[in-house]
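The values are calculated or read from the model by the stated rules, or taken from the named source; none is laboratory data. Small disclaimer: the values here were computed from a predicted structure and weren't measured. Quick reminder, even Gly has a Cβ in these numbers, built from the backbone with ideal geometry, and neighbours come from all protein chains shown. In case anyone asks, the SASA skips ligands and DNA or RNA and just uses the protein heavy atoms, side chains included. Shrake-Rupley method; radii C 1.70, N 1.55, O 1.52, S 1.80 Å.
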Amino acid sequence: MTQTYQLFIDGKWRAGASGETMPAVNPYNQEVHARISVAAPGDVADAVEAARRAAPAWGRSLPGARAKLLNRLADLIEGDAERLALLETTDNGKVIRETSNQMGYAARLFRYYASWADKVTGDVVPLDVADTAGLVLHEPFGVVACITAWNSPVAILCNTMPAALAAGNCVIAKPSEHASVTTLEIARLAEKAGFPAGVFQVVTGAGDTGAALTSDPRIDKISFTGSPGIGRAIAAAGAANLKPVCLELGGKSPNIVFEDCDFDRALIGALAGIFGATGQTCIAGSRLLVQRGIYDRMVEGLATRAAQIVMGDPRLAATEMGTAANEPQFNKILSFIDAARSDGARLVAGGARADGPGLEKGFFVQPTIFADVRNDMMVAREEVFGPVLSIIPFDDEDEAVSIANDTAYGLASGVWSQNIDRCMRLMRAVKSGVVWVNTYRQAAPQVPFGGMKDSGYGRVRGAAGIMEWLQTKTVFIDYSGDRRDPFSMKF
């Protein structure tokens with residue numbers, strides 16, 4: 001029986017006011033595995049009102065009490081990780097190995113920020129005035145909106161939700177209409193953990209639901225993960241109400257391989273960088289820059305290995321690459337492949353919809369590699385968000401940096417070399433928020449993550465991740481006992 005998920009507003013589950021639902025479609029077999037309530041503008045307004053009622057008490061709650069709830073939710077996620085991973089794989093086609101890892105990482109993020117709850121300290125600042133104390137305090141914004149993407153719903157939610165809650169904010173989450181189930185399941189676990197009504201809520205729907213949320217002037221801050229186009233619209237909505245926005249947008253990440261690299265490690269890193277998560281990740285190493293001395297060998301090695309990638313039911317442990325997450329994305333990926341052919345890129349692997357036993361109904365795209373790509377081709381300029389690799393040759397270090405930075409994006413990059421001097425130069429020269437050296441796609445809760453240029457602004461994870469959800473307040477305390485005229489003070 002197909003399950004229907006309702007909205008989670010003010011600590012209660014309820015259908016949307018319109019009664020409308022949308023299907024959750026398994027991209028592997030096209031079966032509707034759930035139905036999701038659609039939040040009308042009035043439902044969104046109710047969620048915001050509930051959060052505003054809850055915000056004062058939650059913001060004043062003891063840090064240890066917030067930490068206890070965050071740790072309890074981490075335990076519940078960890079205990080339910082197998083079921084959550086299966087639901088997410090069913091919802092967006094990502095292989096079970098990856099979604100399982102992400103559930104464990106989500107619990108880790110909750111524990112990490114639980115430990116931060118009682119460590120947000122202020123400062124006492126020496127001033128130029130006698131007998132006056134200067135205090136700097138950090139306070140929560142109040143009510144924040146977290147809008148997430150379909151490629152990794154729980155992982156992306158947990159980049160922001162635990163930090164925002166630990167800081168004392170109330171959170172309203174709006175997942176993608178293409179993958180909403182696991183966010184609603186996190187709400188069930190938050191309810192079970194005992195979070196007060198209105199502190200964490202979920203409203204579901206498409207663009208209209210998101211617009212109702214981001215345009216509400218009672219929202220104090222907005223976080224969005226997704227495409228630059230929608231990011232610009234959300235930034236504009238925040239600006240209209242003078243609300244700050246944190247954006248984690250797309251990427252066209254250069255993965256730079258020098259002749260002096262450990263070749264086998266670099267080859268594996270290049271494969272994982274683009275075909276992990278079916279390439280549907282903002283950090284995908286979609287532009288592989290290879291020095292000419294090893295260029296032909298690398299192209300041949302990658303083409304051979306790409307043809308060996310096992311595709312199939314993403315719920316099975318043996319499957320190495322799953323489906324495109326939804327039909328619009330599937331069609332978009334194929335259109336980029338066609339454009340690369342038209343632009344003259346040399347196809348060396350894949351290049352079409354994948355077929356074969358068990359693949360008939362799924363949105364499968366062959367692991368695709370184009371060689372001899374120029375950096376001005378569409379496939380090298382725009383984010384494909386799929387299993388499509390562009391290999392670009394270069395001669396020397398200066399050319400590699402020039403090609404790497406010749407992009408509107410600046411989210412991630414990789415450098416493969418055994419020359420430590422070169423690695424140190426490259427990590428500073430390449431303009432991206434994350435640089436991996438002799439590795440790729442590593443993540444850690446302790447360090448910040450975010451982009452430059454069109455890849456957005458603001459940071460998640462690490463100390464920066466909780467400070468993103470706090471605003472500073474300065475307090476002056478005159479304890480002199482004098483009746484000084486403040487207007488006579490010299491500056």
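Convert each backbone phi in region 263-270 into a coupling constant with the Karplus relation 6.51 cos²θ - 1.76 cosθ + 1.60 (shift: θ = phi - 60°), then list the ³J(HN,Hα) values in order as whole Hz, x for Gly and Pro.
Computed from phi, the couplings for region 263-270 are 4, 5, 5, 5, 4, 5, x, 5 Hz.
Given that compact globular proteins tend to follow 2.2 N^0.38 Å, what is the ratio of the alpha-carbon Rg of region 176-315 to that value?
Region 176-315 yields a ratio of 1.46.
Please list, in chain and number order, the residues 5+ apart from Gln471 or on another chain whose amide H is under 5 Å from its amide H, with Hs placed from the backbone.
For Gln471, the qualifying residues are Glu139, Phe141.
Could you work out how far helix 228-240 tilts from the main Cα principal axis of the chain, as a 0 to 90 degree angle to the nearest 10?
Tilt relative to the chain: about 20 degrees.
Ignoring everything except DSSP H segments at least 4 long, calculate the 222 nm mean residue ellipticity for the chain; use -39,500 (n - 2.57) per segment, divide by total residues, nearest 500.
-12000 deg cm²/dmol
Any chance you could run the full-extension gain for Asp260 through Trp13? It's 0.36 nm times the residue separation minus the Cα-Cα distance, nm to one decimal.
Contour length minus the Cα-Cα distance gives 83.1 nm.
Using only Cα atoms and rounding to the nearest 10 degrees, what angle (0 to 90) does helix 295-306 make with the longest principal axis of the chain?
The angle comes out at about 80 degrees.
Hey, could you grab the Kirkwood Rh for the chain? Inverse mean 1/r over distinct alpha carbon pairs, Å, one decimal.
The answer is 23.8 Å.
For the peptides 199-212, 249-262, 51-64, what is the packing order when you average, over each peptide's residues, the other Cβ atoms within 10 Å and list the highest mean first?
Highest mean packing first, the order is 249-262, 199-212, 51-64.
When N is the residue count of region 310-414, what does its C-alpha Rg come to as a fraction of 2.2 N^0.38 Å?
That ratio works out to 1.18.
Cross-link partners among lysines for Lys453, C-alpha distance below 30 Å, same-chain residues fewer than 8 apart left out?
List returned: Lys94, Lys174, Lys221, Lys243, Lys252, Lys332, Lys431, Lys473.
What's the ranking of 222-232, 302-312 by average number of surrounding C-beta atoms within 10 Å, highest first?
Highest-to-lowest ranking by the protection proxy: 222-232, 302-312.
Could you check the spin-label model distance between Ile420 and Asp208? Points 7 Å from the Cα along Cα→Cβ, value in nm.
Each label point is offset 7 Å from its Cα along the Cβ direction, giving 6.1 nm.
Whenever you get a sec, compute what percent of the accessible area on the chain sits on carbon and sulfur atoms (1.4 Å probe).
The nonpolar share, carbon plus sulfur, comes to 53 percent.
For region 59-99, what is the accessible area per residue in Å² when the probe is 1.4 Å?
I get 44 Å² per residue for region 59-99.
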